[in-house]
1. Rounded to whole Å and sorted largest first, list the principal axis extents of the Cα atoms in the stretch 80-134.
2. Mind ranking 110-121, 34-45 by how tightly packed they are, going by the mean number of other C-beta atoms within 10 angstrom, highest first?
3. What is the spin-label model distance, in nm, from residue 150 to residue 118 if the labels are put 7 Å beyond Cα along the C-beta direction?
4. Put 67, 109, 124, 73 in order of accessible area, largest first, 1.4 Å probe: what do you get?
5. Give, in nm to one decimal, the length gained when the segment between residue 56 and residue 41 is fully stretched (0.36 nm per residue of separation minus the Cα-Cα distance).
6. Going 7 Å from the Cα of residue 65 in the Cα-to-Cβ direction, what parts of the stretch 116-135 have a backbone nitrogen less than 16 Å from that spot?
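The values are calculated or read from the model by the stated rules, or taken from the named source; none is laboratory data. Because the structure is a prediction, the values reported are computed rather than measured. Virtual Cβ from ideal backbone geometry, glycine too; neighbours counted across all protein chains shown. These accessible areas exclude ligands, DNA and RNA; they are computed on the full protein's heavy atoms, side chains included. Shrake-Rupley method; radii C 1.70, N 1.55, O 1.52, S 1.80 Å.
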Amino acid sequence: MFKKIATGLVAIAATSAVALSFPAAASASGYADSWGPVHSKNHLAMAKGVVGVDWDHDSNKVRVNGRLYDLDRRTYSQGGKCAYVKFEASDFDHDWSTVYNRKYCGFPRYQSFRFVEHDVSSVRVKVCQINQHGTFPVKCGQWRYIYTAENE
């Protein structure tokens, strides 16, 4: 009986040692980090949120969650505008493309958003204002990086 227990403990110890010896890259890994606040040039629009990244071997899945705030208290007849956020992602060849944008009109509240991208090396965000029925953003802030694979 004692021999069976000892053999079982040795087997468990050996299995644990083998499992611990595999590199972390062999299994999925990930993290999450907050980003923002990011403002329009005139601080009348703002976005902030969380970016999460899951790696599995050589590919990744980037999840972006956030809130877009309309901080412009002026009426539209007074020149008030809506909040606008734009995200671009870069692939591993460093080609940028727009992956998500959102307009929100609703001072003083916010609107939640989320999106997922696969196999990207970087994600950046820019916050602007836009006319209620317009399609051209104005008063844009600078691009802000919220994720870069090079930092991992």
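1. Extents along the principal axes: 40, 19, 14 Å.
2. Listed from highest to lowest mean packing, they are 34-45, 110-121.
3. Result for the modelled spin labels: 2.6 nm.
4. From most accessible down to least: 73, 109, 67, 124.
5. Full extension of this stretch gives 1.6 nm more.
6. In the stretch 116-135, the label zone of residue 65 (backbone N under 16 Å from the point 7 Å along Cα→Cβ) covers 116-117.
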